[in-house]
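The values are calculated or read from the model by the stated rules, or taken from the named source; none is laboratory data. Please read all numbers here as calculations on a predicted model, not as lab measurements. Backbone-built Cβ (ideal geometry, glycine too); neighbour counts: all protein chains shown. For accessibility, only protein heavy atoms count, side chains too; no ligands or nucleic acids. Shrake-Rupley method; radii C 1.70, N 1.55, O 1.52, S 1.80 Å.
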Amino acid sequence: MRSNAKARIITTAIEHPAVLAPCRFLERLGGSVTYLAVDRTGRVNPEDVRRAITPRTILISVMHANNEVGTIEPIEEIGVIAREHGVRFHTDAAQSVGKIPTDVRKLGVDLLTIAGHKLYAPKGVGALYVRGGVGLEPLVHGGDHEHGRRAGTESVLLANGLGAACELVQDLAPMERIRTLRDRFWRGLQDRFCDRVVLNGHDTQRLPNTINVSLVGEIGADILSQLSGVAASTGSACHSGQIELSPVLAAMGVPERIGMGAIRFSLGRGTTSDEIDHVAALLAKTASA
């Protein structure tokens, strides 16, 4: 961060804590952060980004796709705006790499982060793309490892695992099968729950493997606790026995009576139609019990 204590960062209210927490830390150091609102589908308006830029803006950080609802953000449009104003642009692509096209040149970003375990690489490894000519303060001082950006001996095993995974997931053809399964799952829930089930996120501009649904009048955490053998999540937080609405859904303006029943399901390249049908039937049985 520049020595200018009034340096400004622009981000959104639905970013992953990996972005929001550092932004709040920088605020404690004297920096300023603008948290942009999103619409009901979870998308930020690029013009809101444009209006938020000031002469002190040093960085824009908007995720490529949201981790809870799967909504894909208009990164290319924001990239154009960032370049017009000479502001560095970062995107969190942890959810998108290996699921949708992710080309740093087309996106127009200066910085892009990847989480290895999200694309079948070993856990504990990630990557930061840095556009040529962009200078960064080292994350860890003490050596010239990783081009002087992070001191410490690299794990060759993890690096190779990430590289191999990235090569494999360049083939996005399997994601069309996953998209079909996701839509099959959604139709199955609609058939079983009718107007008692609500889709959270954008209906088309979303990841092919992610579906976040709300069972109206239910508590997602309660239903999830009864789905034996099913790995899913709610995004809600539990404090002192009280369940709170997911910050992402709250930022999207989802009413509490709908948002409290939210569950996120993520499909993988190994997911089968039998598994989809089983979970839909199990969910119907659990929610109606």
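If you build the Cα gyration tensor of region 146-237 and take the root of 5 times each eigenvalue, what three semi-axes come out, in whole angstrom, biggest first? Show your work: numbers first, answer last.
Details: eigenvalues 260, 72, 32 Å².
Over the Cα atoms of region 146-237, the ellipsoid semi-axes are 36, 19, 13 Å.
Leaving ligands, DNA and RNA out of it, report the carbon-plus-sulfur percent of the accessible area of the chain at a 1.4 Å probe.
Numbers: 7660 of 14630 Å².
Result for the chain: 52 percent of the exposed heavy-atom area is carbon or sulfur.
Over the residues of region 63-114, compute the C-alpha Rg and express it relative to 2.2 N^0.38 Å. Don't skip to the answer; put the middle values down first.
Details: Rg = 10.5 Å, N = 52, 2.2 N^0.38 = 9.9 Å.
Taking the Cα Rg and dividing by 2.2 N^0.38 Å, one obtains 1.07.
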If you restrict to DSSP beta bridges whose two residues both lie in the chain, what percentage is antiparallel, to the nearest 5?
55
Pick out, from ALA284, ALA232, PRO138, the residue whose Cα sits farthest towards the positive end of the charge dipole of the chain, with +1 on the Cβ of Lys and Arg and -1 on the Cβ of Asp and Glu.
PRO138
For the chain, what does the helix formula give at 222 nm: sum of -39500 (n - 2.57) over DSSP H segments with n ≥ 4, over the residue count, nearest 500 deg cm²/dmol?
-10000 deg cm²/dmol
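Could you give the length gained by full extension between GLU256 and ARG131, i.e. 0.36 nm per residue of separation minus their alpha carbon distance, to one decimal place?
Numbers: separation 125, 0.36 × 125 = 45.00 nm, distance 4.14 nm.
Additional length available on full extension: 40.9 nm.
Among the DSSP beta bridges whose two residues both lie in region 39-169, what percent are antiparallel, rounded to the nearest 5? Mind dumping the intermediate values first?
Working: 6 of 13 bridges.
Bridges in region 39-169 are about 45 percent antiparallel.
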What do you get for trypsin sites (Lys or Arg not before Pro) in region 73-178 restricted to DSSP loop and a cutoff of at most 12 other Cβ within 10 Å of the site's Cβ?
LYS123
All-pairs alpha carbon distance profile, region 96-208, 10 Å steps from 0, percent:
12, 30, 30, 17, 9, 3
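Can I get the semi-axes of region 1-149's equivalent ellipsoid? Compute them from the C-alpha gyration tensor as square roots of 5 times the eigenvalues, in angstrom, largest first.
Details: eigenvalues 93, 89, 45 Å².
Its equivalent ellipsoid spans semi-axes of 22, 21, 15 Å.
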Using only the alpha carbon atoms of the chain, find the Kirkwood hydrodynamic radius as the inverse mean reciprocal pair distance, in angstroms to one decimal.
20.4
Identify all lysines with a Cα-Cα distance to LYS99 below 24 Å; exclude those on the same chain that are fewer than 8 residues away in sequence.
LYS118, LYS123
Partner aspartates and glutamates whose C-alpha sits under 13 Å from that of LYS6, ignoring same-chain residues fewer than 8 away, are GLU27
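Set the Förster radius R0 to 22 Å, insert the Cβ-Cβ distance between ALA13 and THR54 as r into 1/(1 + (r/R0)^6), and round the FRET efficiency to 0.05.
About 0.70, to the nearest 0.05.
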Go through HIS16, HIS117, HIS141 and list them by solvent-accessible area, largest first, probe radius 1.4 Å.
HIS141, HIS117, HIS16
